[in-house]
Amino acid sequence: MLQVTDDLIRNVVQEVLGHMKSGSAPAPAPAKNAGNTWGVFDSVDDAVAAATESQRRFEAMGLDARRKAVNCIRKICIEKAEMLGLEEFEETKVGKLKHKVEKLIVAGEKTPGVEFLTTRAFTGENGIALEENAPFGVVGIITPVTHSLPTLAGNAINILASGNAIVCNPHPSGVRIACKGTQLFNEAIYKAIGLNNLIAIIGKPTLESAQAIFDHRGVRLLCVTGGPAVARAALKSPKRAIVAGPGNPPVVVDETADLDNAARSIIAGAAYDNNLLCIGEKEVFAVASIFDELMDAMTKHKAVRLNTEQIAALTKVAFTKGEDGKLHVNKDLIGQDAAVLAKHAGVNAPADTELVFGETDESHPFVDHEQMMPFVPFVRAANVDAAIALAKKYEHGFKHTAIIHSRNVDTITRMGREMDVTLYIQNGPSMAGLGLGGEGYLSFSIATPTGEGVTTPLTFTRVRRSSTVGSMRVI
Ligand code: NAD
């Protein structure tokens, strides 16, 4: 016999209301609530099945349900930012607490939602054609440890706004906060529109569960945010993948730059969350004529300069030699405070030091590697063309992010063309490229090798055309 529970009544009421508003065909039967895990699953098969069932009903409910679901995620990110940011900081043990909190707030405020989905229309003697953005279905996402919940939340806003559902394999070192966020989002969405599991997450993620998502027939599209290994794995997948891969953003400073602004911007960008951002300033190429003046300007804004011996001491700890004979960044130092790095260099720096920096030559490992810690190497270049050439070399063709400080529009234009990057920022910190102090919208997934750029709801849609022949042009 059918058990009439509160949940069942709520589901039916929401569904009827959804149809009355959207005028759409009846949705399939209510999803089974797979236990009370609010979206956390042990197996990829179960996660995909639950997300698939919810997505079918979600798609039939129309735009208002999407707006409501997205607003639930925004509200939680903004109102619970302090608690969730603290939990992410305590779990991942990388970055800065204030930026963990801020990243959640800006993800809630600045990630584009349903309003981004605009219809294109073509009209003429032959009638009208409409092009609209339809969902794919279930999108598989992989999230990094550097911003576990902000990436999941930003992806979820984009992906639900476009009518899809999610199956997420989070980074194992940020799984607890990713699951907590997922549960809060699903519970709030359930209360708002009667659907659970629009975000399904693997509670014990492994490389195998990531691969199972890549291979699953029920997953229509992938969005992968991470370093070189996962970017390569996703690019090999036969499924379409949106890949937000690694970067090594260079900064060029020429003789026309406002040096104080350049110094403040480099510090703000490279110190943000202890240089965990993939867009963060990782190495500077400054022309010789202003090099010393720029170095002095840095020390006026809570950056501590290291000398050659001190840089050598830090380098010894910051890199380890792998079995492949290559240098690798020491994970223990990733995202640690500048004062901690200073200590490894043998320097007693104040606890509130934003950044440590110093002069190196171009062959230094700190130039070549994406260090993700608040030490930035500065390399002296003979002139701006030499600086741009070095920037291009050490960006490694990731086509990710580059920054210039210059008042010469010809130089700015030349570097922009030369670098061919996804984000190009002039005369500000790197975050300006994501709308933080610059114009534009935000995402923590910047699709680089696959070319979608800063992701939006449109990134996760199929374009469908409807043509009415001979009528509906009313002018
Ligand atoms: P990471 O590559 O160690 O991990 C990222 C995710 O990929 C994790 O969930 C991890 O479990 C998974 N993973 C790793 N290897 C895998 C494989 N072979 N198969 C399947 N899954 C695999 O990266 P991280 O340390 O978490 O994050 C930092 C890196 O991510 C940096 O390189 C940074 O530039 C990049 N990143 C890029 C963007 C962007 O928008 N382009 C945003 C954030 C971070």
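The table below gives the values:
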{"quantity": "Condition check for Gly437: closer than 30 Å to Pro112 by Cα, open to solvent by less than 60 Å² (accessible area, probe 1.4 Å) and not hydrophobic (A, V, I, L, M, F, W, C)", "calculated": "no"}
{"quantity": "Criterion violated by Val145 - all others in (1) among the hydrophobic types (A, V, I, L, M, F, W, C); (2) in contact (Cβ under 8 Å) with a residue 60 or more places away in the chain; (3) open to solvent by 10 Å² or more (accessible area, probe 1.4 Å) satisfied", "calculated": "(2)"}
{"quantity": "Subset of the stretch 440-475 [of a type in the set (S, T, N, Q) and buried (at least 19 other Cβ atoms within 10 Å of the Cβ)]", "calculated": "Ser443, Ser445, Thr448, Thr450, Thr455, Thr456, Thr459, Thr461"}
{"quantity": "Boolean, Lys239 is of a type in the set (Lys, Arg) and part of a helix (DSSP H, G or I)", "calculated": "no"}
{"quantity": "Pairs, first farther than 12 Å from Phe366 by Cβ and surrounded by 12 or more Cβ atoms within 10 Å (Cβ to Cβ) in the stretch 312-325, second at pLDDT 95 or above and among the small types (Gly, Ala, Ser), C-beta under 6 Å, six or more apart", "calculated": "Ala313/Ala345; Ala313/Gly346"}
{"quantity": "Conditions (1) free of Cβ contacts under 8 Å to residues at least 40 places away in the same chain; (2) more than 21 Å from Ala268 (Cα to Cα); (3) within 16 Å of the ligand (Cβ to nearest atom): number failed by Thr422", "calculated": "(2)"}
{"quantity": "Some residue of the stretch 48-55 being modelled with pLDDT of 95 or more and closer than 30 Å to Gly335 by Cα", "calculated": "no"}
{"quantity": "Subset of the stretch 170-225 [open to solvent by 10 Å² or more (accessible area, probe 1.4 Å), more than 26 Å from Glu452 (Cα to Cα) and either within 16 Å of the ligand (Cβ to nearest atom) or not in a helix (DSSP H, G or I) (or both)]", "calculated": "Pro172, Ser173, Val175, Arg176, Cys179, Asn196, Gly203, Lys204, Pro205, Thr206, Glu208"}
{"quantity": "Qualifying residue in the stretch 56-67 (condition: open to solvent by 40 Å² or more (accessible area, probe 1.4 Å), in contact with a Phe, Trp or Tyr (Cβ under 9 Å, 6 or more places away or on another chain) and in a helix (DSSP H, G or I))", "calculated": "no"}
{"quantity": "Among (1) within 13 Å of the ligand (Cβ to nearest atom); (2) open to solvent by 10 Å² or more (accessible area, probe 1.4 Å) - the single one Ala288 does not satisfy", "calculated": "(1)"}
{"quantity": "Check on Asn133, in contact (Cβ under 8 Å) with a residue 12 or more places away in the chain, within 18 Å of Ser54 (Cα to Cα), more than 9 Å from the ligand (Cβ to nearest atom) and touching a Ser or Thr at 6+ places or on another chain (Cβ under 6 Å)", "calculated": "no"}
{"quantity": "Count of the stretch 375-418 residues which are under 27 Å from Leu314 (Cα atoms), within 16 Å of the ligand (Cβ to nearest atom) and touching an Asp or Glu at 6+ places or on another chain (Cβ under 7 Å)", "calculated": "4"}
{"quantity": "Count of the stretch 226-240 residues which are more than 9 Å from the ligand (Cβ to nearest atom) and surrounded by 15 or more Cβ atoms within 10 Å (Cβ to Cβ)", "calculated": "2"}
{"quantity": "Residue count for the stretch 347-383, restricted to those that are open to solvent by 10 Å² or more (accessible area, probe 1.4 Å), touching a residue at least 24 places away in the same chain (Cβ under 8 Å) and of a type in the set (A, V, I, L, M)", "calculated": "4"}
{"quantity": "Pairs where the first residue, in the stretch 81-110, is under 19 Å from Gln336 (Cβ atoms) and the second is open to solvent by 10 Å² or more (accessible area, probe 1.4 Å) and charged (D, E, K, R), C-beta under 6 Å, 6+ apart", "calculated": "Glu91/Arg176; Val101/Glu82"}
{"quantity": "Qualifying positions in the stretch 252-276 - open to solvent by less than 10 Å² (accessible area, probe 1.4 Å) and within 16 Å of the ligand (Cβ to nearest atom)", "calculated": "Gly269, Ala270, Asp273, Asn274, Asn275, Leu276"}
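The values are calculated or read from the model by the stated rules, or taken from the named source; none is laboratory data. Please read all numbers here as calculations on a predicted model, not as lab measurements. Note that each Cβ is placed from the backbone with ideal geometry, even for glycine, and that neighbours are counted across all protein chains shown. Accessible surface is based on the protein model in full, side chains and every heavy atom, while ligands, DNA and RNA are left aside. Shrake-Rupley method; radii C 1.70, N 1.55, O 1.52, S 1.80 Å.
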